[in-house]
1. Among the lysines in segment 74-185, how many pairs, 8 or more places apart or on different chains, have alpha carbons under 16 Å apart?
2. Starting from the Cα gyration tensor of segment 188-279, take the square roots of the eigenvalues, sort them a ≥ b ≥ c, and report rounded, prolate or oblate (rounded when a/c is under 1.5, otherwise prolate if a/b is larger than b/c, else oblate).
3. Going by how many other beta carbons lie within 10 Å of each one, how would you line up Arg279, Arg100, Arg327, Arg184, fewest first?
4. Estimate the FRET efficiency between Glu118 and Lys212 by the formula 1/(1 + (r/R0)^6), using the beta-carbon distance for r and 56 Å for R0, to the nearest 0.05.
5. If you count, for each residue, the other Cβ atoms within 10 Å and average over each peptide, how do 120-129, 149-158 line up from highest to lowest?
6. Could you sort the peptides 192-200, 225-233, 159-167 by per-residue average Cβ neighbour count (10 Å cutoff), highest mean leading?
7. For Gln266, which sequence-distant residues (separation of 5 or more, or a different chain) have an amide H within less than 5 Å of its own amide H, given hydrogens modelled in the peptide plane?
8. With the cut-off at 1.5 for a/c, could you classify segment 92-132 from its C-alpha gyration tensor as rounded, prolate or oblate?
Amino acid sequence: MSERNHSINESPKGSRKKIGLFVAGTVMLLVAGTVFYQMNRTAQTNAAVESKKNKSQTTKSTTKKKTLATVNNQEISYDLIAQECVLRYGKEVLENVINRVIIQQACQDKGVKVTTQEVDKEIAKIAERYNMPLENWYKMLQAERKLTPQQYRRDVIWPMLALKKLAGTDISVTKEDMEKAFIRDYGPKVKARMILLNKQSRAIKVWEKASKNPDDFESLARQYSIEPNSKALGGSIPPIRKFTGQDTLEKAAFKLKKGEISGVIQAGTGYAILLCEGRTEQYAEFDDVKEAVHEQLLEEKIQKRVAKVFANIKKEAVVSNYLTNTRSNGIRQASGIGKSRTTIRKTQERTK
């Protein structure tokens, strides 16, 4: 539930990069991820054996299912491929399934349900947001994110809707929130170059060099900066905005005039030096974009609440992961412990 947030100052139409960020961000926040086809088949097979649903299956069909290929009459078995899949992808896939079950159990404890109709409606809304027919949206997910429609419904949309319901709807957006968000997304920005260092003493030495020869700032960034992306561009960074959560850096940047170099600024665990290259102008009026600002803010607050809720229910869960030989000791209410595997499985099936 981010990095998935959309920038409200850009039109979604034709923005393939932002679509990719939306899908990737959603998957990261919800910890759903891509469930590989082979592993999904393995899980389904184990569930089938466990519940003894396929007693009537013939020996011939079983043999065909277990033999996936032959090479000069030498069989390559289903079990061999399943084992290889577990070795390569097992940790990731198992973690995804564990997280999904944690969400399902929390929903059962709280009496929260997400219907197939709600999943369909949410997918249609997302596709419409990007002006894409539903069929094309699914094709894009398959091509760019390797997500089948079934995986997308089960591993992205269902957890997202479930966590939103668990998070509740008592979220408000204040006038002050709106004003700050408007300035953040539509207000003036500082165009700058940056040199980022990991030690204050080193940053002071580089600052002294930059102060004596401001024209050398770009070459100094390429030589000393530890931030790989901006380093390759001579310290060039996206324009600095207000109210992004980096107060110290923002305040220092907005004090600078074109051509001025900042002092050494503590930025997180690093130390930054800025060269101001001017400012951009405000490019929208508040009344023209206030609805978009409100929608964006509400979504951001929901995502923060969702992330917090998921972190809490995951912390409370008692999970024994035999593949990685790890165990998390949480505190769960008694009402969640007695849920059977059959109940969990039925919940999964309803989302397909």
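1. 8
2. Rounded shape, in that the Cα axes give a/c under 1.5.
3. Starting with the residue having the fewest Cβ neighbours, the order is Arg327, Arg279, Arg184, Arg100.
4. So the FRET efficiency works out to roughly 0.35.
5. 149-158, 120-129
6. In decreasing order of mean packing, 192-200, 225-233, 159-167 become 159-167, 192-200, 225-233.
7. Excluding prolines and chain starts, which carry no amide H, the hits are Ala272.
8. Taking the square roots of the gyration eigenvalues as a ≥ b ≥ c, segment 92-132 is oblate.
Each value in this text was obtained by applying a stated rule to the coordinates, not by laboratory testing. Predicted, not measured: the structure shown is a model, and the values here were computed from it. Don't worry about glycine lacking a Cβ; one is built from the backbone with ideal geometry, like all the others, and counts go over all protein chains shown.
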